[in-house]
Amino acid sequence: MSDVRFPQAGLAGALALAAGSTAYGAIIVVSPPADVPNAASPASNPAAGFINWDVDGDAVSDFRLQFRNPQSTGTFGVVWQANFSPFTAGGTNAVVGYMGPFVNYGAKLNAGDLIGPTAPGAGNSWRNPAQVVLGSFYRSGGVPSPYGGFSTGTVPSASIVRGFVGFRFTIGGNTRYGWLDVEVRGADTTAGSGGMYFFGAAYEDTGDPIPAGAVPAPGSLAALALGAAACARRSRRSA
């Protein structure tokens, strides 16, 4: 495992956005998906379209994201729902999670949880169906209740939860493990309320596990810079 660190909230995202996709040792810091806000009122946009995420920039979509806000008032139905799902169901691409009372749910991981062949967290496993739900409010028997690793509170607008999602995907047929720093915000009937917001992402490029939130330590970046400078000086002397 290469030298790593666990940044404070938002720093991993700043690194990723500034660098696009930058490799230091085995850990690759990548740009997270575009934020997925609830862009319209429930009446005009009950089920927003999907946004695709190409993790490693190889022009192949790995995951797709969707935020729904139908605000069901019936006996049964979705009030709001945040989905982070494999682009292709049934394959290697998957999300750390569990089977809930209705659908597959993604688990909220903590910084340092080791994401690898064995999914971290009691009761969790690798989930690869067409829909993996991070958080939702669902009416069951007329009562809206929170479901999923990123749901909390007693009313939809009270649910704002941030954590890490563990994922796996393939590069050239080889399995890689990564993390995504995400905040899920519950929606109410106000247009634009709720959504999914992202602060950073990375994966491990040798196939080894990666701790949630890990990025290359500053010391490893400095060593690379010094090595490059030394090579440049040697090249100038020999010219």
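The values are calculated or read from the model by the stated rules, or taken from the named source; none is laboratory data. None of the values given here were measured: they were computed from a predicted structure. Every residue, glycine as well, gets a Cβ built from its backbone with ideal geometry; the counts of neighbours run over all protein chains shown. The accessibility values were calculated without ligands, DNA or RNA, using every heavy atom of the protein model including side chains. Shrake-Rupley method; radii C 1.70, N 1.55, O 1.52, S 1.80 Å.
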Select from segment 62-75 the residues that are more than 19 Å from residue 107 (Cβ to Cβ) and at pLDDT 90 or above and list them in ascending order. 75
Quickly run through segment 121-135 and pick out the residues that are closer than 20 Å to residue 87 by Cβ and aliphatic (A, V, I, L, M). 130, 132, 133, 134
Considering only residues of segment 113-128 that are surrounded by fewer than 17 Cβ atoms within 10 Å (Cβ to Cβ) and of a type in the set (S, T, N, Q), which is farthest from residue 211 (Cα to Cα)? 125
Within segment 152-179, track down each residue that is assigned to a strand (DSSP E or B) and in contact with a Pro (Cβ under 7 Å, 6 or more places away or on another chain). 166, 177
So, in segment 84-97, how many residues would count as being surrounded by fewer than 24 Cβ atoms within 10 Å (Cβ to Cβ) and in contact (Cβ under 8 Å) with a residue 12 or more places away in the chain? 6
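Let's see how each residue does on (1) modelled with pLDDT of 75 or more; (2) over 13 Å from the mean Cα position of the chain (by Cα); (3) in a loop (DSSP other than H, G, I, E, B):
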position: 190; (1), (2), (3): yes, yes, yes
position: 196; (1), (2), (3): yes, no, no
position: 201; (1), (2), (3): yes, no, no
position: 208; (1), (2), (3): yes, yes, yes
position: 213; (1), (2), (3): yes, no, yes
position: 222; (1), (2), (3): no, yes, no
position: 226; (1), (2), (3): no, yes, no
Sort out which residues of segment 112-141 are within 15 Å of the chain's Cα centre (by Cα) and either among the polar types (S, T, N, Q) or closer than 17 Å to residue 184 by Cβ (or both), and write them in order of number. 127, 128, 131, 132, 133, 134, 135
For a quick check of your reading of the model, give me the residue pairs whose first member lies in segment 103-119 and is at pLDDT 95 or above, whose second is open to solvent by 10 Å² or more (accessible area, probe 1.4 Å) and of a type in the set (Val, Ile, Thr), with beta-carbon atoms closer than 7 Å and at least 6 apart or on different chains. 108/161
Filter result (surrounded by fewer than 22 Cβ atoms within 10 Å (Cβ to Cβ) and touching a helix residue (DSSP H, G or I) at 6+ places or on another chain (Cβ under 9 Å)) within segment 161-188: 188
Only one of these conditions is not met by residue 149: (1) under 26 Å from residue 190 (Cα atoms); (2) not in a loop (DSSP other than H, G, I, E, B). Which number is it? (2)
